[in-house]
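Throughout, read-outs are computed from the coordinates displayed, never taken from laboratory work. Quantities reported herein were computed from a predicted structural model and do not represent experimental measurements. Here the Cβ positions follow ideal geometry from the backbone for every residue, glycine too, while neighbour counts run over all protein chains shown.
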Amino acid sequence: MNLNKTTIEFDDRSVRRFLIATLLWGVIALLVGVIIAFQLHRWQLNGKEFGGGEGLAWLTFGRLRPLHTNAAIFAFVGNMMFAGIYYSTQRLCKCRMASDLLSGIHFWGWQAIIVCAAVTLPLGLTRGKEYAELIWPINVLVALIWVVFAINFFLTLKRRNEPSLYVALWFYIATIITVAMLYIVNHLSIPTSWIHSYPIFGGVQDALVQWWYGHNAVAFFLTTPILGIMYYFMPKAAERPVYSYRLSIVHFWSLVFIYIWAGPHHLLNTALPYWLQMLGMLFSLMLWAPSWGGMLNGLLTLRGAWGKLRTDPVIKFFAAGVTFYGMSTFEGPLMAIRTVNALSHYSDWTIGHVHSGTLGWNGFMAAGMIYYLVPRLWKTELAKPSWANMHFWLGLVGILIYISAMWVSGIMQGLMLNQVAADGSLKYQFLDTLKAIRPLMLFRAIGGTLYLGGFILMVVNVWLSVRKKAPVNGTIEVVVAPINPKSSFWKMIFAEPVLFPVFAITGYCLWFLLPGVYAWAGLVLGVDMTWRTIWLFIRHKEKWSAWYDSLLENWAPFSILVFVAAAAGGMVQIIPTVMMNHAKNVEDRLQTVYTPLELMGRDVYVSEGCYNCHSQQIRMLVPDVLRYGDYSRLGESIFDYPHQWGSKRTGPDLAREGGKRNNTWQFQHLMDPRALSAGSNMPSYHFLNDTEADLKTLPARIAVQQTLGVPYPPMTDDVIRQKAIEQSVAIAQELKTNGLYVDPNRQIVALIAYLQKLGKFDEVTPPEHIPGTPVPITAQP
Amino acid sequence: MFKRLSFETWDGWTPMVGFALTAVAFTIIVIRALRMKKGEIQHMANLPLEETPTTTEEHGH
């Protein structure tokens, strides 16, 4: 064989770019987080204290919170992840990234996406789904840039000079494939204009798809890439190999397989079918094992290097980061137990849990990686090592204050909301609980400020370290020899270890999906193939082992198997729910279709991000029913595109708000919440009384709703507008009788119309059940 | 197709089947990991440490 020795220069410019972007967006994400944390304590910060009269629209909590979450996830962690992936992939593959052009497009494209998000979200342009708020043209750009990243990454794997794929690369592969799948499915929409669309899923389907995505955004955007970074950078920093490579294999496969099933734990005790809730809870509990396996593997990698904790900021941040990973992945499954969730859900406990993950795990791993990379990417030393130490302590104290405050706040509010007096009535009003947790909101903001202070210290430290220093690129001398996989792609796919289990699973699926005799045929196939799989495994043990070894050197079939493992959970949960003919499968209630004006009001509600503080889902829990009314049925939100079940109650649930109070109360409350609800921290929505309702696009919106299956009668554009005008005039007239003069063509009128419609439904009789045919699904066993 | 969705037993055994499948996948991968050869393990675990730490000043790539 002709061995050609050559020196390869890595593309570290891309790493530096992503690293600098991480620092920049990190400050912005944290700063916005601190602002909204203070807003919850002091409502005037929604713009009033910046000279904005009663408040500024673009500064309201509902608009800024999506900016904070998107900036933290996609801008801060996204750029950090890309820096780590670009740096470690080149070194593990012993080759330069495949294309400098693609790396450049990836970097600048990603920054353009972030800038677009930073502009559109405060303007109220949103899809109204958590962590999936960006409007559809930006979604398309995200998908394109992700594909560019994927092509660049996989081409690099193809051109590598190291035959084996280290475990960090497996995690990167899982990230790229699964995020693409999640993002595309959850962002499927039909546009009504360049800045607005409706998701193709509605009601329970949308809730399920959303939390399949939302939960796995945490899994595959905030966890798997960082685990890859952990498996690369921790051994480097500790100067010793990973504690157990065997454990890392188990960690990887079990994590990828289990994580994807756990999404329904975000919808416990709701109208979601009971079997999905149980599945979500069980798989969440199973996550304990791989998560802690990974954490222990990370911490034990530091065996013998613990002495460095005192002096090396990199080790310090990594050790604390991995510990926070362990803490939050212990807490998560705990909160996914239905009874615990009854108290924790919709409360600040969840917020504390999320932040122990993002600030502790993501933020500290980012800091450790940055302190590791800066001296190497600029061939320098850290200007102020003591500042790095200070950063660590500020960050740590900040997180502890933050999550402690949220634990106390969440548990206290949960307990107060659930307390029932001896006479069967509720002991506390919602506002009582809000007032009780107000001081804790201040503590949370202080904790966040400390963390931000530490982060800024790092930014200045990095700047002091690299200014006037020339950037350097890593090089490596390698023997370039073509890597010839032991088996071809097709041989890897059409191999016994893949085919027989696939036949078995297909058989079981047919048993589940088909009626009568076909179902039994599927069962026979499934059992037969299961038996054959076991028999072949015992007989061809060595051959199967060789196949697996070969798989680790073949990135393409490896990636496909990762996709199959990750997609399986989603398909089992989503396909039955999506394919269900929902209008015929509701229980005893079917949502009344919105009038044109109410639909417009709903779009205002979504645009203002009301779902960030108000749920629309009354759980099957006694305190929920006592406080808000009869529990929510599956059919009551079936025409909601997108669903607005929510995930947090800073304000009360609104599922049955319609008709509880008159239009005058709603108007006055939106204009000045504290005039009617003393102690409320809701922003004033006076600006909705100054903003014209968009009647022009209403026909297009209704047309898309009809396409999605909402049973609107045929209406011309003029009829649609006329109906909207008539209803808004009627509301304005009613307000006028109470001395309130409102222009009917204002957003506030449409929003009132929507609020008054919440909870309206038609009684329906479920079709009689014929054995062997689909029947209504229910949330209760 | 969805006949089992509302059967009471479905609530009980779906998660159990899910658990069993996962346990099987988990067991197989554990066996596979335990059967890996020592040399192979060492090679894989040392991959991040193989890099030669040399650098060059950036030029126009």
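A few comments on the model shown:
- Counting Cβ atoms of other protein chains within 10 Å of each Cβ in B:23-30 and taking the mean gives 5.
- Altogether, the Stokes-Einstein calculation at 25 °C and 0.890 mPa s, with the Kirkwood radius of the range A:295-409 over Cα pairs as Rh, returns a diffusion coefficient of 161 µm²/s.
- Excluding exposed DSSP-loop trypsin sites (Lys or Arg not before Pro) (at most 11 other C-beta within 10 Å), longest clean stretch of chain A: A:1-302
- Sequence-ordered 3J(HN,Hα) estimates for the range A:666-678 from the Karplus curve with 6.51, -1.76 and 1.60 and θ = phi - 60° stand at 4, 4, 5, 5, 5, 6, 8, x, 6, 5, 10, 10, 4 Hz, glycine and proline given as x.
- Peptides B:24-30, A:82-88 ordered by packing proxy, namely the average of other Cβ atoms within 10 Å per residue, highest first: A:82-88, B:24-30.
- Shielding score for A:267-280, defined as the mean number of other chain Cβ atoms within 10 Å: 3
- Residues whose amide H falls under 5 Å from that of A:I8, counting only those 5 or more places apart or on a different chain, are A:I476, A:E477, A:V478, with hydrogens built in the peptide plane.
- Three principal axis lengths of the range A:515-654 [C-alpha, angstrom, descending]: 66, 41, 34
- Across A:K5/A:K94; A:K491/B:K37; A:K543/B:K37; A:K236/A:K379; A:K94/A:K236, pairs whose alpha-carbon gap is larger than 20 Å: A:K491/B:K37
- Cα centroid separation, the range A:641-718 to the range A:242-283 (Å): 35 Å
- Of the cross-linked pairs A:K129/A:K757; A:K316/B:K38; A:K384/A:K469; A:K308/B:K38; A:K316/A:K384, those separated by over 25 Å at the C-alpha level are A:K316/B:K38; A:K308/B:K38.
- Partner shielding of A:281-289 amounts to 2, given as the average count of beta-carbon atoms from other chains within 10 Å of each residue beta-carbon.
- Per residue, chain A reaches -20500 deg cm²/dmol at 222 nm when only DSSP H runs of four or more residues are counted, each adding -39500 (n - 2.57).
- Extents of the range A:518-566, taken as max minus min of Cα coordinates on every principal axis and listed largest first, are 40, 27, 11 Å.
- Summed residue charge, Cβ within 11 Å of A:T380's Cβ, Lys/Arg positive, Asp/Glu negative: +4
- Solution diffusion estimate, µm²/s, Stokes-Einstein, the protein assembly as shown, Kirkwood Rh from C-alpha pairs, 20 °C, viscosity 1.002 mPa s: 75 µm²/s
- Label-to-label distance for A:V517 and A:S545 is 4.7 nm, based on points extended 7 Å past Cα in the beta-carbon direction.
- Amide hydrogen neighbours beyond the local backbone of A:Y198, cut-off 5 Å, H modeled: A:I190, A:T192
- Listed by chain and number, the aspartates and glutamates placed with their C-alpha closer than 19 angstrom to that of A:K760 are A:E587, A:D588, A:E598, A:D603, A:D624, A:D630, A:E636, A:D640, A:D653, A:E657; residues fewer than eight positions away on the same chain are left out.
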